[in-house]
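The values are calculated or read from the model by the stated rules, or taken from the named source; none is laboratory data. Please read all numbers here as calculations on a predicted model, not as lab measurements. Cβ sites come from the backbone with ideal geometry, for glycine too, and all protein chains shown count toward neighbours.
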Amino acid sequence: MSSELYTSFYGLRERPFTLLPDPDFMFWSKAHKRAFSVLEYGIMSRSPLTVITGEIGAGKTTLVQALLKSISSDTIVGLISNAQGGRGDLLRWVLNALDVAHDPKGDYVALHQVLQDFAINQYAGGRNVVLIIDEAQNLTIELLEELRMLTNINSNKDELLQLILVGQPELRTMIEDPALRQFAQRVAAAYHIPSMDMNTTAAYIQHRMRHAGGTGAEFSSEAIEAIYRVSEGVPRMVNKLCDLALVYGAGAGEKTVTASIIQELMSDGIFLKPQSSAPLFLTNRVDSSGLSNS
């Protein structure tokens, strides 16, 4: 039975557990609320660098999409999803993300001047310039240091270019490298999104079912417990399991997804689970801004 057919069986308007980031389905757990507050703090305080980390599938990209929908019109935002290359390439990524006209064959000095002029002009017009870099763990130490240099574009009072870095836990490990000491000193706030606990996982599943038109009671408590054990509370893994469970449940004519249905789909081997990587930092710190990373 296709996943489209289970929506009718369960009386849903749409699939509640797709893997694509969708801010309309955003579940505001305590951790996601804190992460969003850190992002807002970074923008409102004109912080040079703000860092958000989390495991694969923790909802980081969805959080970024929610942020983009909430940003005021006086803030110019550029989004880079997977920057690569050298420092000249990075400048081109930045200028393209901000939709700034430039000579694609220009050298580093010329491109840097274009970016600086743009930031100064926007500041003069009362607008903030924010650059969001997703999947930032893929950047090299050299590119991270180059980003720090970009934050030196300022008015001696306010930051003219603010950076938000979003990535997997290894991003924070990179930032803590002694070679990036100056970079770390410019980070105003850093927050790590942990995996969901059992109660949050249950609330997450019920929220998405209700948002799609269900009752929220389509999964038994035993099924939710099984989903939590297998997924370890990672939202993307929860989505994959729940989507498959609804297909199996509809195929069996079961209006309630039970633990036995979860066991059946696991036994069939159709759910592929990557090995989890525990956070490389186990304690959350209070940074210089006074914001807790817990």
Please name all residue pairs, on different chains or six or more residues apart, with Cβ atoms under 7 Å, provided the first residue is in region 7-34 and is in a loop (DSSP other than H, G, I, E, B) and the second residue is at pLDDT below 85.
Arg15/Ser3
Please work out which residue is farthest from Leu163 (Cα to Cα), limiting yourself to region 48-86 and to residues that are polar (S, T, N, Q) and crowded, with 22+ Cβ neighbours inside 10 Å.
Thr53
Go through Ile164, Ile153 for me and flag whichever is free of Cβ contacts under 8 Å to residues at least 40 places away in the same chain and either among the acidic types (Asp, Glu) or in contact with a Leu (Cβ under 8 Å, 6 or more places away or on another chain) (or both).
Ile153
Counted residues, region 263-287 - those being in contact with a Leu (Cβ under 7 Å, 6 or more places away or on another chain) and modelled with pLDDT of 90 or more:
1
Hey, any hits in region 21-34 for a residue that's at positive phi and under 21 Å from the mean Cα position of the chain (by Cα)?
no
For Tyr123, are the conditions met, namely being under 22 Å from Ser45 (Cα atoms), of a type outside the set (S, T, N, Q) and free of Cβ contacts under 8 Å to residues at least 40 places away in the same chain?
yes
Of the residues in region 38-62, those that are in contact (Cβ under 8 Å) with a residue 40 or more places away in the chain and part of a helix (DSSP H, G or I) come to Val38, Leu39, Tyr41, Gly42, Ile43, Lys60, Thr61, Thr62
